[in-house]
Amino acid sequence: MGAWLAGDGAPYADGTGAHAVRYIPGAWAGIRPWPSGLAEQVGHEPTLLSRAQVLAVARTGAATATWTETLIASYVWGQGDNGYGAHRLGEILRPGPVETVLAQAIALLATDGAVAGYRSLSGAIAGLGPAFFTKFLYFAGGAVDAPGPCPLILDQRIARVLRAYTTRLGEEIGLEEPAKLAAWLWSDGGWTPHRYDVYLRWARGVTDQLAGSTRWPLAPDLLELALFSGVWTP
């Protein structure tokens with residue numbers, strides 16, 4: 001981890017805001033309300049979208065008490081330049097009162113913390129699973145004050161790292177069928193609010209350990225980015 005922070009991870013030593021993905025603005029034509037902080041929905045040239053840009057959309061959402069644009073920006077960032085993201089997002093936004101559901105989740109995030117926000121969104125919007133609504137919570141959490149551990153992204157790639165780590169720990173302490181247990185605890189999706197809570201507390205603890213032994217910043221989202229990037233493969 002320390003070697004990564006001194007090398008490829010150096011741009012994120014002062015924050016993960018510079019971490020960007022490529023997307024095709026024209027591929028998202030028709031998605032409304034389109035965040036003003038993103039490029040106009042025309043053209044097929046790849047455009048970069050950074051965490052800092054999505055966080056700026058979330059801060060506007062906090063100021064205006066509207067959250068659909070934050071969901072859209074975080075979803076675009078999460079999908080990148082694949083060809084099916086816009087269709088899926090359209091299906092998510094079409095059916096019902098998405099704004100109301102998002103506002104309720106943010107209210108719970110602000111009063112009771114990240115796990116309460118997670119619980120509120122679990123199964124609340126058809127087609128929006130935890131791999132993407134934790135992205136929404138992550139950016140929204142950077143724009144509102146909330147108690148407890150800050151919300152972090154949990155997706156399939158992160159879960160598979162945690163699965164490998166849990167398997168290794170199970171082998172070390174002599175558990176029976178540790179890989180089977182780890183696969184149950186850290187499946188590819190559908191994590192319970194309790195499992196999300198475990199992840200947030202673990203990330204906070206690991207961050208504290210790293211900060212005590214390296215120059216690692218006290219930023220759990222840097223750990224999330226490192227795990228997503230494949231820096232540590234237990």
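The values are calculated or read from the model by the stated rules, or taken from the named source; none is laboratory data. Given the structure is predicted, the values throughout are model-derived calculations rather than measurements. Don't worry about glycine lacking a Cβ; one is built from the backbone with ideal geometry, like all the others, and counts go over all protein chains shown. Surface accessibility is based on the protein's heavy atoms, side chains included, excluding ligands, DNA and RNA. Shrake-Rupley method; radii C 1.70, N 1.55, O 1.52, S 1.80 Å.
Return the ratio Rg/(2.2 N^0.38 Å) for the range 108-234, where Rg is computed over Cα atoms only.
Taking the Cα Rg and dividing by 2.2 N^0.38 Å, one obtains 1.07.
In the range 21-158, carbon and sulfur make up what percent of the accessible area (probe 1.4 Å)?
Accessible surface attributable to carbon and sulfur in the range 21-158 totals 54 percent.
Using the heavy atoms of the protein chains alone and a 1.4 angstrom probe, what is the accessible area of the chain per residue in square angstrom?
Value for the chain: 48 Å² per residue.
Using a Gaussian network model of the chain whose springs link C-alpha atoms within less than 10 Å, name the residue from Tyr118, Tyr165, Tyr199 with the highest mean-square fluctuation.
With Cα springs under 10 Å in the chain, the top fluctuation among Tyr118, Tyr165, Tyr199 is at Tyr165.
Compute the distance in nm between two label points, each set 7 Å from the Cα along the Cα-to-Cβ direction, one at Val144 and one at His87.
Label at Val144, label at His87, 3.3 nm between them.
For the chain, evaluate the Debye formula with one uniform point scatterer on each Cα (no solvent term) and list log10 I(q)/I(0) at q = 0.10, 0.11 Å⁻¹, rounded to two decimals.
After summing over all Cα pairs, the log10 values are -0.47, -0.57.
What is the packing order of peptides 122-131, 41-50, taking the mean over residues of other C-beta atoms within 10 Å and listing the highest first?
Top to bottom by mean Cβ count within 10 Å: 122-131, 41-50.
Which value in nm describes the separation of the simple spin-label points at Ala18 and Ala107, placed 7 Å from the Cα toward the beta carbon?
Label at Ala18, label at Ala107, 4.0 nm between them.
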